[in-house]
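In what follows, a structure is listed as structure tokens, so that the remarks can point back to it.
The values are calculated or read from the model by the stated rules, or taken from the named source; none is laboratory data. Just so we're clear, the structure is a prediction, and the values are computed from it rather than from any experiment. Note: ideal-geometry Cβ built from the backbone for every residue, glycine included; neighbour counts use all protein chains shown.
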Amino acid sequence: MTGPGDQNPQQPQWQQPPAQPEPQQGWQGNGPQSSASGQHPTGQSGQQSPYGQSPTQPSGSSGQYGQQQGQYSQQTGQYGQQSNQYGQQSGQYDQTGQYGQTGQYGQTGQTGQYGQQDTGQYGQQPTEQYAQAPGGYGQAPYGQGAGSYDGGAGQPPKKKLSKKGLTGIIAGGSALLLIIVGGIVGVSIGNSLHAPEVTVKSYLDALKAGDAEEALKLSGTEVSAADVLLTDEAYKEASGKVTGYTIGKTTTSGDTATVQARLTQGGESVDQEFTLTKVGKDAVLFDKWKLEAPELSTVQVDVVAPEDAVATVGGVDLTDVEPIAEGSYQLRALPGTYDVALSESDWYSAEATTATALGYGQTAEPATLSVALTDAGTTAIEEAVNAYIDGCGASTEIAPTGCPYEIRNATGYTPSGVTWTFDTRPTFTVGEFNGTGWSVESETVGRMSMTCTLTDPATGQTGPGGGGPVDFNVGGTVEGFTDEGATFVPLP
């Protein structure tokens, strides 16, 4: 006995069934048919006797490719229990009921009709061969018997993947792909968001918004009490600030990165290089960069005014700022142009000006505040000088203290009742403020005469006396003003 997988050296290799006789009209095969009564009608559709029980067909030859009757079962007509289990009906390929003959697939009629057997039906012809069968149903897998088309004897039907399961697999695969792609994209985005130039952009954006304190925080700039311009209040008052920028090349070397930027400030383009230092990781994967505080530019303000004058820069007064020299101040500033002015006074004023911090690391041209007398200040000075002259003229001394003239007594007599008389009052001019005050100089010479009474100390006799005329100049400095007016200090 041979199994389904054995080769019988006496039999062909089942490459092709033997030639078939021409079919008769009404039937596709000429094999004998048996009705339920055992008769064999010819050319009409009738019912075949149960599968494997045709009385006109031999039971099959022992040793043929297949099994003896009852190999796998003891009942005929049962699914998966037919004699000649591996698809060989009693009678071989040269017998009636050849492939494509008796009840060929797809033909009308009940005898051998595909899927219409009365008993023990497999859903296909019982005599399945291993080569290509006429009728176009393909080649049966080696080792599978009759009925394998609908599940095959002895093999459980393969479960088809449900639509829901297939959808789940596709969805899961898609989700995994999205996770992978998302991870790659996420890392790429994360790197771009942590690039050195991002910190520089944040810094410059703060400057554009006028947020000085945020910019200083991002750059780590230390601010002292003297940095009166490094405040939001002062920076908001500035004009000509950074209004735009373009990020250029970024160069990274180890833990240091440099970023080139071109700033737009007050209608000018200013190139600036920013330096950053790597300070660790963010979310494990991404480098963290810290902006090194750029060297700020400085504005210098020179105030040529009395000591009581108060200068303001960017709306902030400099009262508590220590000057680097008399009346000279240097202040760190963010890029911008700052108004420089002098506090208001009735006696003098200074023309307002500006100081510009262009970009970084530069010292701006000094902004100078030079005061000028107001009309009230000029009048106050003239009054103060004339008061001095008048005071000298009212003196009762032949050599008035602090006055620009005197008469020496060489007679030995004692003068008394000294009277000074102006022959000519001097005229004078008031100069520019020179850092210590306004200078006063004579324009024309004054002339004074003196009269007095002389007494002889030895005899007690008296007589008239006098002196002059005496020419004199007036000069000195007006050092400042008080509520009473100008303070004139004459030359000694």
Could you check, for region 423-436, whether at least one of its residues is over 30 Å from Ser349 (Cβ atoms) and small (Gly, Ala, Ser)?
no
Scope region 334-346; condition hydrophobic (A, V, I, L, M, F, W, C) and either modelled with pLDDT under 95 or assigned to a strand (DSSP E or B) (or both); matching residues
Val340, Ala341, Leu342
If I filter region 248-260 for residues that are at pLDDT 95 or above, closer than 30 Å to Gly315 by Cα, surrounded by 14 or more Cβ atoms within 10 Å (Cβ to Cβ) and touching a helix residue (DSSP H, G or I) at 6+ places or on another chain (Cβ under 8 Å), do I get at least one hit?
no
Checking Tyr235 against (1) closer than 15 Å to Leu204 by Cβ; (2) in the same structural domain as Glu351 (by TED's automatic domain parsing), which test does it fail?
(2)
Do any strands (runs of 3 or more DSSP E) entirely within region 387-444 hold 1 or more residues that are of a type in the set (Val, Ile, Thr), farther than 30 Å from Thr455 by Cβ and in contact with a helix residue (DSSP H, G or I) (Cβ under 6 Å, 6 or more places away or on another chain), and if so, which?
427-433, 438-444
Being touching a residue at least 24 places away in the same chain (Cβ under 8 Å) and closer than 18 Å to Tyr348 by Cβ is the filter here; which residues of region 308-322 pass it?
Asp308, Ala309, Val310, Ala311, Thr312, Asp317, Leu318
If you go through region 456-477 one residue at a time, do you hit one that is under 60 Å from the mean Cα position of the chain (by Cα) and aromatic (Phe, Trp, Tyr)?
no
Could you pull out the residue among Asp346, Asp390 that is surrounded by fewer than 18 Cβ atoms within 10 Å (Cβ to Cβ), assigned by TED's automatic domain parsing to the domain that holds Phe472 and either charged (D, E, K, R) or closer than 30 Å to Gly267 by Cα (or both)?
Asp390
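Table: residues versus (1) under 19 Å from Val371 (Cα atoms); (2) crowded, with 16+ Cβ neighbours inside 10 Å; (3) of a type in the set (S, T, N, Q).
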position: Pro426; (1), (2), (3): no, yes, no
position: Ser439; (1), (2), (3): yes, yes, yes
position: Asp456; (1), (2), (3): no, no, no
position: Asn473; (1), (2), (3): no, no, yes
For residues in region 214-230 being of a type outside the set (A, V, I, L, M) and loosely packed, with under 15 Cβ neighbours inside 10 Å, which is nearest to the chain's Cα centre (by Cα)?
Lys217
Against the conditions (1) part of a strand (DSSP E or B); (2) crowded, with 19+ Cβ neighbours inside 10 Å; (3) more than 49 Å from the chain's Cα centre (by Cα), where does Gly377 fall short? Just the number, please.
(1)
Out of all the residues in region 287-327, which are outside any strand (DSSP E or B) and under 20 Å from Ser219 (Cα atoms)?
Glu292, Ala293, Pro294, Glu295
